[in-house]
Structures are given as C-alpha cells and as structure tokens.
Amino acid sequence: MGKLSILVFLPVAAMLPVLLVPARRSGWLRWIALAACLAQTGLALSLIPAAGSGPWLLVEQAPWLDLSLGSAGSLRVEYLLALDGISLALVLLTSLMMSIAVLASWQQMQRPKAYFLLLLLLDCSLVGVFLAMDFLLFFIFYELMLLPMFFLIGLWGGERREYAAIKFFIYTLAGSVFMLLVLAGVMFSYSAGGAGGETVYTLNLLQITGTGAGGQAAELLSGSVFAPGQTILGLDARLLGFWVLLIAFAIKLPAVPLHTWLPDAHVEAPTPVSVILAGVLLKVGGYGLIRICYGLFPDAGVAMSGWVAGIGVTGMLYGALVAMAQTDLKRMVAYSSVSHMGYVLLGLASLEAAGVYGAVFQLVAHGLVSAMLFLIAGVLYDRVHDRQIANFGGLWELMPRYAFVTLIGFFAALGLPGLCAFVAELLVYLGAFSSERIPVIYPALGVLSIVLGAAYFLRAYRQLFFGVFDPGKTSAWRDKLTDLTPREYLMLIPLALLIFWLGIYPGPALERLEAPVQAWLAWVLG
Amino acid sequence: MNPADGLPASPGELRIALLALGMPLALLLGGLLILLAGRRLRAQGGYLALLMMGLAFIASLLLLAAVWPAGTVRAALPWIELPGLSIPLRWRIDGLAALMLALVSGIAALVHLYSLAYLRNERHLSRYWAYLALFCAAMMGIVLMEHLIPVFMCWELVGMSSYLLIGFWTERAQAGRAAQAAFLVNRIGDAGLLAGILLLTGMAGSGDLGRLHGLAGSGALGIAPGWQTAIALLLFLGCMGKSAQVPLHLWLPGAMEGPTPVSALIHAATMVAAGVYLLGRIWFLMPPQAEAFIAVTGGATALLAALSALGQWDIKRVLAYSTISQLGLMMLGMGAGARDMALLHLVTHAFFKCALFLAAGVVVHAMAHAGASDPQDDPQDMRQMGGLRRRMPWTFALYLLPMLALSGLPLTSGFLSKDGILAGAWTQALHSGGWMWPAALAGSAAALLTPVYMMRQLQLIFGGPGRGLQVEDAEPLMRIPLLLLAPGSLWLLVAFSPFDAAQSPLLAGIAPAAGGGLHAEPAVHAWVSAASALGVAAGLWLGYRARAQARSRERRGLLQGLYLEAAAERAVQRPVLELAALAARFDRRAVDGLVNAIGRLAVHPRGRGPSLAALASWLDTRWVDGLINGLAALAARTGRAARRLQGGQVQRYLLYMLAAVLLAVCWLVWKGGGI
C-alpha cells in the first residue's frame, strides 16, 4: 500500500477502533479520531519534500474494473491516486481542518460514536477526492463525501437542521447528477490504445489531460460524444460539457446563484462541521473546476473565460452585499465565503499564471481564514447560544484575548496585507487585470468588493467589541462570556500562525505550486 | 534577476541598506515583544518603545548623513519569485527617503516621550505601544519600498494601525465608529490605488518605480494616453484617501476620537502626508490632465476645509480641518508642478502641526483635570476655555509659535514653504491657464483664511479674561517634546534666508527624487510673498477682532463641515446599505424562494400529493429504460429518504444511501455499454 492510499484510508482504518470502543469509554473516541487526523497530517507533511519528475510527485495506480464490451472494445476503470502541489496543499488543508474539527468536537456528548465515525468517513472521502485521478474514482469519493455531511448537519445541527441537511443534500446531488451526465459521456470518448488495436476506453485523467504521467496520453476518439464539432441538441458538445461541469462544481464552490444551500447549512451545522464545510468542502468545487472542468474541456474553458469571470465577479459583489445585510454572525461569515470564493473563478478565468496561482492560493487561504471565522463565531455561540451581532457589544472589556484573535481573523478576511488572503486576492487581481481574455471592467468592479468586505467585517467588529457591555439587557451573560479557553487557543493559534506565515512569506508555498500550475496552463492554453 | 536585484555588493552600501530595512523590522519585533510581554513589562513597555524609536531616529540620521543629498542606495530581496511573476521587496534610500525616515522616527520619538506622561494612567498601554510600533514600521515601509505592490501593502498596514489607534479606547462606541469610518474611507482610496497599480503593472510590465521611471523617461512606457490618465487618477484616488482630500477627507475630523498624541503623530504629521509623499514618487506617471485634476482637488480641499475650520468648537477638530486644508495646499503644489515645495511644506507642516496638537493635548489634559468633577463637560470644547494664557504661560508660548507658522507669518517656516506652493501655482496658472486659475485662487483663499481661524482658536483658548479654571501648566515630560518641536516653526528650519525657500538646503535632497521642481517666476514669487504677508497680518487682525462675537456665534454650516458628511451619508452610505438590504431580500425571496419552490415541486413535503418525485417513481416502475430513468430514480430515492428522515429512522440510511449511490453508478457503468 502506497503512501497515498494510506493517506486516504487511514481514517477508515481508525473507524474500526472507534467502533470497538465500549459505550462507557466514549471519552476515548475523540483521542482516536484526533490521533488519526494528526497522523494523517504528519504523513501529508512528510510528502512535502517528495520528489517527482514533472508536476506529479507521487502516482499510485492499480487496475480496478476491466469491462469487456465485446466488439466495441473494453472499458478500463483504474484505482488511480496521484499527488501534485495543488492536491498536496489541499490534502494538508483537509487533514489540518479535520484535526481542528476533532478538537472543536471535544465536548461532543450526543451520540459521539456515530459522530466520530461520520467525521472519519468524511475525512477519507475528502482526501480521496483530492487524490483520485480516475474520473469514476473521483466521482465515487465525491458522492461519498455527501453522505456523512448530510448526517452531520441533519443529526447534530441546530433547530432547522433537517431543512438545511435536505437542502444541502439535494443541491449537491443535483451537482452530482450533472457530473454524472458528463461522466457517462466521457466514459466512451477517450481511448488509451490497448494491445492489438482494440479500443480501451479510459477515465484516467492523467492520460486524458495529457500531463505525461500514468501512461501515454489518451486519444479523444473522433465521433465520440465530446469530439470537437459534435453537437448535442444543437449545442456544441464540448461547450455544453464544460457548462454542465461548471454548474456541478459551481454549486459546491458555491457560485451565485447556486449558493443558497450554504448559509442554511452553515447556520444549522455545529461549529466543527462548519469548519470543515467552509474550510475544505467548498474547496472541492474549486479543485474540481481546475482538474475536471478545465482539464476535460480546456478549449471550452478558454472560450468561456469572460463568462466564468463574470460569474466570479458577480459572486464577489453580490455575496459581499448580502453579507452586509446579515444580522446573524454565522450567516454573515457564510455569505463572505460566497464573496471570497468568487475570486477562485476570476483567477482561473484569467488564464494567467498569476491568476491561477491566486485561485489555488485562495482555496487554501480561504480555508484557513473561514475556518478561523467559524471557530470565532462558535466561541460566542458555545457560551450564550446567540449569534445575533446586535445582541453583543463591549466585548473588548470582557474578552480581550478573544477580541484580539477576532481582530486577526476579521482583518485576514478583509484582505489585510501580511495575512494570507491578501496574497491570494493580489495574485487574482494581478492575473485578471493583465489578462486579455476578460474585460478589464470585471476586475475593476471586483476591486469594489474589498471596500464592501471591509465594511461588513468592521461593522460587525464594532458592534461586537466596541462600546460598553450592556448588563441591563443580558445580565446573565456577563459570567458566561469568559475569555478563550486553552482548547480554543489550541484551535485558533495554529490557524492564526499559518495565516500570518502564508501572508508574510508565501514564496515557498507558491513554489510548490509552480510545476502543476505551469503544466495546467500549458494544457489549457495548448 | 537583473543587476538591480539582490543586495548591493559594496559593504558600505550593504550596511546602509540593511540598516534601513532593519529599522522597520526591529520596530515590528519590539512591538510584538511589548504586546506579548505587556503584563510583565508594565511601564517599562513605554520606555522600551521610546528607546526603540530613539534608536530608529539615530539610525535614520546615519542614513541621512550617508546618502545626503543626492546619493541613492538600492537593494532587493525576493518576496514572490516565480516564472512570469516576480514581486521583489526592493527598497531604496535616497535623500527624500532618509529625510522622511528621520521625520517619522524623530516625531514619533517625541510623541512617545509625550505619551509616557499623557497616557500614564491608561490601561492596556502595551497595546498602544505595539500599535504605534506597527504604524511607524508600516510608514517607514511606504517611504522605503520602491516596488508599488509592497508600497501598497505598507499603505494598508498604515491604515490598519490608524484604525487600531483611533479605536484605542474601545469602551467608547464613538471611537469604534470613527475608526471604522477612517478605515472604510481609506479603503475606497486603497481600492483605486490597487486597481491603478495592477493596471500599471499589467500594461507596463513592472510595478517597480525605478524601472517605470526609466521607461517613462525614454517614452517607452507603452501605455495608451487614455489609460495613462485613468491609471494616474486611480493612483491619485489612493493618495486622496490617505491625505484626506475632498471628498475622502471625511474620516479625518472623526479620527480625533483617538488619543491626542496619536492625532499629533499620525493624523497630522506623518500618515496623512503619505499621499503627498507617494505623489512625489510617482509624479512621472501623471499626465497633464491628471495634474490639473490634482491641483483642483487640492485647491478645493484647502478652501473647503479652511471654511469648515472657521466654525468648529472642538479644539482638535479645528486642527484637524487645518490639517486637511494644508494637505490640500500640498496637493495643489503637486498638481502645479511645484513638487519640491509641496514636499518641503510636508516637512515644515509636520513640525508645527505636531507641536500644535501636542500643545492642544496639554490644554485638553488640563481641562479634563479641572473639570473632573463634572463629566458632562467636554474638555475639548473651546467655549469652556478662555484666559488660559495666564495659567499656562509655557503652553501659550509653545502654541503661539507653531500657530503663527501655520498661519504663514513671515520669519516662520510655514511662510516659506506655503508661499513656494502658491508662487508655483500662480506661475503655472499664468503659463498654462485653464483649471489652474481656480485652483490657485482657492489655494490662496485658503491661505488667507488660515490666520483667521487660527487666531480665533487662540483667542478662544488663551485670550480674554480668565474663567477661574483651576488648570495646571504642562508637566516637564510633556513640555520637553514641545520645546524641541516648536522652534521648528522658525524659518531656520528651512533656510538661512527668511524670504526665499528656493535656497533651502533641504531642497537639495528633495528635488532629485521629486524630479526637480517648477521654478516660480521671481516677479510672481515677490507678489505672492508680499500679498500673503499682508494677508496674513490682516487675517490675524480679523481673527483677533472677531473674539467678541466668537463665543456666541454659531455657524452651523461651517460646524457641520459644510454638510459634506451628511451628503456623503445620503449619497453613498445609505444607498449602499439599502442595496445590501435589497440584495439580501432578493436572495431570500427570489433565489432561495425559487429553490424552495422547485423543492416543493420535486418532493411534496408530506410525501403525498402530486410532485416530480411521485411522477418519477411512477416512471421508474413503468418505464425502466435509459439514462433519464436512472436520474429520476435517484431523485425518488432522495424523496423517500427525506420522508423517512422525518419519521426519525435516520441512522441506518447511511448504508442505504451509500448502497443506492454505488448501485446507481454500477448500473450506469453497466448500462452505459449499450449506449
């Protein structure tokens, strides 16, 4: 078993001891889960120096399904995991977020066994998504991700958890169905060229996207569904395929107008689940766009740059405006995610090196920052079970350390230089302003979102922390609103340090992305 | 990497480069240390901060000696180095940069000394010192950095530290509001600056000022004239935000909510000058149309702010408006091409304005102690003051001198630099005409109004009969910085000749960086000097005469800053908030409403009644054929799962669903063969 497989299935292996823990020893569960996540993080960290020729650092490949289709040839589905700088960054992010989520679940008393089982299953599926390079394997992990998330929201969530869970489920399933349509078409479009000239249909994305690893490049069969010039219902098949996949991943990202599952899911989800949702799950959307959507239909991607950028900028501005009108802290943070994930689309659409670096960097940066923001919201909710911003005030006086950590989180989110989100935004704008594929008005409008972002974050900060704490309205709160506990520090400080590190000295991290981003650009523009 | 990248080879230059970069880094580390060890350090935190700033001042004097007047040392370290994307941290020490470093660290050191006394009884002082260190480091970054992207980063950090310092008294809701307004207004400018920098970087292929200067010099910038103007205006928008130009000046009067030493250092002497300084670095990117715009903006700002200053009752707000007015004059100079004079005015203004604020702080401090029994009294309201000159002779003297410099009386530094600007503006107006005429007029009017409102203020605070206030004069610790700053108001700061700024030795260092300056015609200069000397005398007399009615006469329009704030609220803030509310309603009703409607159509909430799920399940049983059916089956399963979920039997569906999805996939794989 290779390192990548261990990375994916380590959480599944940890599910066994979790199952065996007797009910009266339920305190052990969290330690097992934490150990598994930390071990995964450690393994992922050990892969950072991994050498590899070209962009791919590690590839693990095994035959999985070989279906003979008689005279039509055969269909080969592979167990194919591959790691490059982009997936490494996201795997690291996932394992870190999972560790933090376990810490945030430390006091999970309600059905802890089922809870940690689901969390570990989610971990496996997320890492699997980021490593799978066979389209079908990717799809299976993608689907698998949905189930634990559905139950984590639906069972451990807030008051309207069932509504939120179902909404999340149906939205995401709709995305999956879209992806399935394309999957079905791609399944019989590429030939890996087997022995004796028979057609071997393949879903190997390494071969399909011509990255030179995992065997020779696959050939796009003429006359297949997605061959150039083919039409479906009178529409260009490749454009259609691109759009269908774009919609599938835009739901996950989420992009406006496919975003309304996000605020509900976030508000109802418990804090650790929100952390994973914002920190990792949304990144699957961006990752899918990079790997699958642009990977399969690069020509359509180039042609549709203006549209993708437009959707991105719309999301940036719309998300920020809606966030500004929110009174619930978690909802505001959720809409800020909508706004910030628009950068990913804008950066990718620029098809400039800087923009693509920025898009990938934003996936990681937003993961760290939004996780921090949801933990920050969780701190208040844990204490007084209230998220209405207006109900607080004067918290500097009661919780100075919390105020300071929140200051870092909010300023990171509004893109202050020296903190990681700024680097991502800078690179995205750099790419978008110098790109000839998107009209300059898009990034010019997008820049307005840095003003809007500052407006809602600072307003929330002022309402929460400035002024005098009003004991008349909420006298019972004064004793409950205590400053951060050591466990909360343990979750927040690593995030803050990473946010600083990636913001002050992003060079080393960006260098790891160099080979895959260049290869990706060469493929898409080639 | 080209030869300019990397550290300089000669040890002498290397030492200079490292010393310059080391200053802000040491300040940041020191600030962090004070912040983290705040509890344990207590008062020592302040001494440590003062020591750091003093060392920084000495270091900048060393730098000044090393490069003055026309030497330049460049060095670079990589920040982001990727193929096709290079953002180096390149910094440059030349005469102007060294002068600014000395100005920032020198004034900061005095303000630290003053703060030790002024804020002695404050809690959370470690935060204060740390914020100040962050501010000074970021400000030094703006001064030193040569690539525009690092400049922008420091630019924003300056804004952030200003936010923190304005909001230092977190228990005051009003301080929070002012801090927020300051950051947001600055961010509007920053958004423009960022867009301008990135457009420039994209079109000219570099954001490095040294390289851009070379390109512009040889006419090889490669930017269409229209775009050049657009970029210039966007860059200027950033300068407008930081340097409080109309209409982005609205944050500065509010910024007076911060502690007075902060107002002196940041919102009078240094940060607000950053816009002027940046213009002094990017002047070669400004086409004539943009320069005219800058001049007009500057003139309008100077005049509007001077008018507003006439009606203020708050001691600090008068000074705030006068700062805006003086910044407007500097911008006018920049636009008129008298860049060296504008930068000279920046230096002289820093001295006398800082002194004024610190002296005002002494008054406020004394008033607060005198009125400690009655918290209703606003210690900053000048109507409560009067006759203080007898009880506070030191402060009176140390207020009078910088106030005369600000007014522009001959023999002061302000007279020299301000007249340099006005002479430049009038020369430019005579030469190129057009928009320079109203700009020069407005600037001159502002210069004539300055002695009026300053004399009015002096009268309100110190003049008239005593009001029996039990106030004490400044304690020595607060007096020392004033004693050191106030003499800077004399002409000797600028030049030996009290009538000709052009002979100032300071210009030898400023002019090379600012691309020389406009040589005002001697005749124009003579006329301007004579007129302004007379005008200032008349203005002072007017202000002095006005004292009788001063205390009672309320000029509401002027007090409200000509209603510009209300206008901005109505024209910008409210529409944006309404748009936000509209977007949120749209999101809830239309976007989400549509989703819910589709949901109801697909799966009936109770599982009965007509819905797509029911239809699909019927199709599923009757028409099992093809891909469409598979999708419908999935939808139906979802519907059923939803129904069961409400029944409460949820856990075991994990397996069912997993199986369902896997089955569907396998089935599709299998069926797919027949397509």
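Since every read-out is calculated from the coordinates, none of them should be taken as a lab result. These numbers were taken from a predicted model, which means no experiment stands behind them. Positions of Cβ are generated from backbone atoms using ideal geometry, with glycine treated the same way; all protein chains shown enter the neighbour counts.
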| field | Rounded tilt (10° steps) of B:522-545 against the dominant C-alpha axis of chain B | value | 90
| field | Average beta-carbon neighbours from other chains, 10 Å sphere, peptide B:591-601 | value | 3
| segment A:403-526 shape via C-alpha gyration tensor axes, a/c threshold 1.5 | oblate
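For a test of understanding, tell me how many lysine pairs in chain B have Cα atoms under 20 Å apart, given they are 8 or more places apart or on different chains.
Eligible lysine pairs with Cα atoms under 20 Å apart amount to 4.
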| message | Let's see if you can work this out: charge +1 on each Lys and Arg Cβ, -1 on each Asp and Glu Cβ, no other charges. What is the dipole magnitude of the protein assembly as shown about its Cα centre, in debye to the nearest 20? | response | 3100
| query | In percent, how large is the relative contact order of segment B:247-322, given Cα pairs closer than 8 Å and 6 or more residues apart? | reply | 38
| remark: For chain B the mean separation of alpha carbon contacts under 8 Å (6+ apart) over residue count, i.e. relative contact order in percent, is 12
| request: Can you tell me the relative contact order of chain A? Whole percent, Cα pairs under 8 Å, sequence separation 6 or more. | output: 14
| note | At R0 = 60 Å the Cβ-Cβ FRET efficiency linking A:Ser222 and A:Tyr489, nearest 0.05, sits at 0.50
| field | For peptides B:178-187, B:117-126, A:301-310, B:351-360, sequence by mean Cβ density within 10 Å, most packed first | value | B:351-360, B:178-187, A:301-310, B:117-126
| Angle in degrees between helix B:592-602 and the longest Cα principal axis of chain B, rounded to the nearest 10 | 0
| task | Excluding residues fewer than 8 places away in the same chain, name every one of the lysines whose C-alpha is closer than 21 Å to that of A:Lys252. | result | A:Lys167, A:Lys283, A:Lys330
| request: With a length cut of 30 Å (Cα positions projected on each helix's long axis) and a Kyte-Doolittle mean of at least -1.0, go through chain A and give me the DSSP H helices that pass. | output: A:135-156, A:161-187, A:329-350, A:353-384
| Other protein chain Cβ atoms within 10 Å, averaged over every residue that makes up A:160-167 | 3
| request: Just flag the GluC sites (Glu not before Pro) in segment A:90-176 sitting in loop per DSSP whose Cβ has no more than 12 other Cβ atoms within 10 Å. | output: A:Glu159
| Which FRET efficiency value, to the nearest 0.05, is calculated for B:Leu411 and B:His431 with the Förster distance at 25 angstrom and r the Cβ-Cβ distance? | 0.25
